[in-house]
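The values are calculated or read from the model by the stated rules, or taken from the named source; none is laboratory data. In this text the structure is predicted, and so the values were computed from the model without any measurement. Cβ placement follows ideal geometry from the backbone for every residue including glycine, while neighbour counts extend to all protein chains displayed. All accessible areas refer to the heavy atoms of the entire protein, side chains included, with ligands and DNA or RNA removed. Shrake-Rupley method; radii C 1.70, N 1.55, O 1.52, S 1.80 Å.
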Amino acid sequence: MRTVNHDVLLIGGGGAGLRAAIAVAEANPELSVAVASKVYPMRSHTVSAEGGAAAVIRPEDSLDAHAYDTISGGDWLCDQDAVELFVREATEEMLRLEHWGCPWSRKPDGTVATRPFGGMKTERTWFAADKTGFHMLHALFQTTLKYPPISRYDEWFVTKLLVEDGRCEGAVAVELATGEVHAILARSVIMCAGGGGKIYPFTTNANIKTGDGMALAYRAGAPLKDMEFVQYHPTGLPFTGILITEAARAEGGWLVNKEGYRYLQDYNLGTPEPRPVLRSMELGPRDRLSQAFVGELKKGRTAETRHGHVVHLDVRHLGQRTIDEKIPFVRELCMKYEKIDPVKEMIPVRPVVHYMMGGIHTDLDGATPIAGLFAAGEVACVSINGANRLGSNSLTELLVFGARAGAAAARHAADAPAPSQSVLAQGLEEEARLQERFLDNRGGRERMANLRKELQDTMETSAGLYRDEPTLKAGTEKVQELKERFHDVALEDPSLTFNTELQTALELENLLDVAESVLHSALARRESRGAHQRTDFPERDDREQPAHSLAYATTGAPRIDYLPVTITRWPPAERVYGEPLSPTSDPVGGSAPPEDGGNQE
């Protein structure tokens, strides 16, 4: 087994990972930085984000308003100190990204263009047409190239964190091109490996999003927080699950049932009026829009297709010019994957798993309970998203908490001792496990495709939009069965070079651990809040202070503990999207910065 040494190791090369790498290099240019990613960084899932990134920029907006929208949208499960920090630092990060080359769309007068997004009371979402993540990731990637201390290990699959005496000192990774196993030793490790939406069968997530970082930290002893909260996006294309961005509704698109009726006016979307306002009801929060689809399905008002039941997103009234200027990628996706032109035809859509609000438990600087291990992005839970993430907060979160985790990891690396040589014994054990457990195993009877399908079907049935105790219990038992059967999985490819079968097995192992944490956390939470809807406990429970769930790996079922939610100025209240409640103390700080950005850094 070969060994490489760096001061800071980043696992994951998407938006959070690249932003963190830049932060490390800026904080201490003397530190050696490694970025290990199982895909080339420009293929990270950040590249697929379409709609935009939220930050206060308009004069009529305020940091308090952004904070309140986020907290109420998260159904009072957000840590309010984290949210206040987030909204304060968001605009600075967005302006910095513009200076690095991200081409934000502009208004005719040259100021930053913004659009409304679900659950936000004002236009706060910056965008670059409808390819925002693509342009953000390009800007970040190109910026990393100017920092010599940053080294990349593209297409290296991390299989184990090296933890000695409660301190993370690196990781073991398989170089996919050669099959060689390497130990990457580091004083600080930052996990930025994204979410795990592929535990479900129908998701906007790419195939690479298999919960690798969550599972690695979970097995190393770090708790996974709020894993029961899995967000469905209300508008995914049938069959493929490809996302039709919220920007299509922000520009004025309508959701209609098979009768052509804008059905959302019949549902409680959290607006202060008895019925949603027609002009804005499509921009309700994602959890409630997805739940409204189920209501239409039960009423028999969805349209049945060969890929299941759908409603329709109608943007025809926007006209070709607006569609081509503001949401050109939506048109491209529809024409390529559905053979329809949204200028002339309605778009079939249905709810689809999109985002995991939960993740590795961290503090405001991305530090986990394991010394030397940090996390940022969707893999982490700081928590600003609570029970339901508002659209366009996630891209900004990558920047704010990627930067903070990078700076904190740099400080830690400057003071931490060098990794101990004894940790290499763990690396050798992992190398032997990979060889014996997978490459040398020829007698297995289980097929990975069968196990993965059974897992995904179980998650959809047991932990979908609505859950109850019998289905959740059945799900936990099924996943335990699948984990046992996984030990008898068969690999037919003994080669080392780009062994995709080995990679698939490692990803399935991670999916099973992530699914286990979701199901057990959901079973333990006996209330309905945000994206977690229990039909047997239909009300939000505010009798005690809201609490985060913490799932710890054990030799059997995970242990579920709880941690109080941090409440600073907004006590739990009815979840509405009208005027914000008056905070109980001083505002977050300042008014909106100038729209042109000035010289702010």
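Measuring nothing but how far apart in sequence close Cα pairs (under 8 Å, 6+ apart) lie, relative to its length, the chain scores a relative contact order of 24 percent.
Mind checking which of Leu373, Ala410, Asn393 is farthest towards the positive end of the stretch 361-456's charge dipole, using Cβ charges of +1 (Lys, Arg) and -1 (Asp, Glu) about the Cα centre? So the residue we want is Asn393.
Using per-residue counts of other Cβ atoms within 10 Å, averaged over each peptide, order 483-489, 393-399, 59-65 from highest down.
Working: 483-489: 14.6, 393-399: 27.1, 59-65: 18.1.
Output ranking for 483-489, 393-399, 59-65: 393-399, 59-65, 483-489.
DSSP finds beta bridges in the chain, and of those with both partners inside it, around 65 percent are antiparallel. Within straight cross-link reach of Lys258, meaning Cα distance under 13 Å, which aspartates and glutamates are found once same-chain residues fewer than 8 apart are removed? In chain and number order, the partners are Glu296, Glu304, Asp314. Each Lys or Arg adds one and each Asp or Glu subtracts one; over the other residues with Cβ under 11 Å from the Cβ of Cys334, this totals 0.
To make sure I understand the rule: partners must be lysines, Cα under 17 Å from the Cα of Lys38, and not fewer than 8 residues away in the same chain. Which ones qualify? Straight-line reach from Lys38, under 17 Å: Lys160, Lys198, Lys209. Amide H contacts for Arg529 (H built 1.01 Å from N in the peptide plane; partners 5 or more residues away or on another chain; cut-off under 5 Å): Arg534. Rolling a 1.4 Å probe over the protein heavy atoms gives the stretch 17-130 an accessible area of 26 Å² per residue. Shape class of the stretch 1-128 from the alpha-carbon gyration tensor: prolate, with a/c at 1.5 or above and a/b greater than b/c. Taking Cα centre as origin and charging only the Cβ of basic (Lys, Arg, +1) and acidic (Asp, Glu, -1) residues, the dipole magnitude of the stretch 357-506 rounds to 240 debye.
Take peptides 34-44, 103-113 and line them up by average Cβ neighbours within 10 Å, highest first, as a rough protection proxy.
On the way: 34-44: 22.5, 103-113: 13.9.
The most tightly packed comes first, giving 34-44, 103-113.
Judged by the mean number of other Cβ atoms found within 10 Å, the most tightly packed of the peptides 160-170, 554-564, 71-81 leads the ranking 71-81, 160-170, 554-564. The portion of the accessible surface of the stretch 323-469 made up by carbon and sulfur, rounded to a whole percent, is 51 (1.4 Å probe; DNA, RNA and ligands excluded). Over the stretch 155-195, accessible surface divided per residue gives 23 Å², non-protein components excluded, 1.4 Å probe. Answer rounded, prolate or oblate for the stretch 364-513, using the Cα gyration tensor with square roots of eigenvalues a ≥ b ≥ c: rounded when a/c is under 1.5, else prolate when a/b is larger than b/c, else oblate. Since a/c reaches 1.5 but b/c is at least a/b, the shape of the stretch 364-513 is classed as oblate. Since only Thr111, Ala49, Gly74 are under comparison, the one whose Cα sits farthest along the positive direction of the charge dipole of the stretch 1-119, derived from C-beta charges on Lys, Arg, Asp and Glu, is Ala49. In this Cβ point-charge picture (+1 for Lys and Arg, -1 for Asp and Glu), the stretch 184-263 has a dipole of about 180 debye about its Cα centre. Students often forget the sequence filter, so: which aspartates and glutamates lie under 12 Å Cα-Cα from Lys473 once same-chain residues fewer than 8 apart are removed? Those aspartates and glutamates meeting the cut-off are Glu516. Taking amide H as placed 1.01 Å from N in the peptide plane, Ala49 has its amide H under 5 Å from the amide H of Gly133, Phe134, each at least 5 places away in sequence or on another chain. Accessible surface of His361, taken over heavy atoms with a 1.4 Å probe and every protein chain present, rounds to 40 Å². Converting phi to 3J(HN,Hα) with the Karplus coefficients 6.51, -1.76 and 1.60 and the offset θ = phi - 60°, the stretch 481-495 yields 4, 5, 5, 5, 5, 4, 5, 10, 6, 9, 10, 9, 9, x, 6 Hz in sequence order, with x at every glycine or proline. Per residue, the accessible area of the stretch 476-550 comes to 42 Å², computed with a 1.4 Å probe over protein heavy atoms only.
Per-residue 3J(HN,Hα) values for the stretch 337-342, derived from phi via the Karplus relation 6.51 cos²θ - 1.76 cosθ + 1.60 with θ = phi - 60°, read 9, 10, 6, 10, 10, x Hz in sequence order (x marks Gly and Pro).
Amide H to amide H distances under 5 Å link Val35 with Leu10, Ser151, Arg152, Tyr153, where only residues 5 or more positions off or on other chains count and H is placed in the peptide plane. Over the chain, DSSP H runs of length four or greater, each weighted -39,500 (n - 2.57), average out per residue to a 222 nm ellipticity of -10500 deg cm²/dmol.
Report D for the chain in µm² per second (integer): Stokes-Einstein, Kirkwood Rh on Cα pairs, 10 °C, 1.306 mPa s.
Working: Rh = 24.2 Å.
Value of D from the Cα-based Kirkwood radius: 66 µm²/s.
Under the rule a/c < 1.5 gives rounded, and otherwise a/b versus b/c splits prolate from oblate, where does the stretch 141-194 land using the Cα gyration tensor? Could the numbers behind the result be given before it?
On the way: a/c = 2.11, a/b = 1.26, b/c = 1.68.
Oblate.
Once you charge only the Cβ atoms, +1 for Lys and Arg and -1 for Asp and Glu, what is the size of the charge dipole of the chain about its Cα centre, to the nearest 20 debye? Can you show the working numbers first?
Numbers: 65 positive and 85 negative charges, 282 e Å.
Dipole size: approximately 1360 debye.
Toward the positive end of the charge dipole of the chain, with +1 on the Cβ of Lys and Arg and -1 on the Cβ of Asp and Glu, the farthest Cα among Met120, Tyr263, Val4 is that of Tyr263.
Of all the accessible heavy-atom surface of the stretch 50-198, with the other protein chains kept in place and a 1.4 Å probe, what percent is carbon and sulfur? Can you show the working numbers first?
Numbers: 1920 of 4010 Å².
Of the solvent-accessible surface of the stretch 50-198, carbon and sulfur hold 48 percent.
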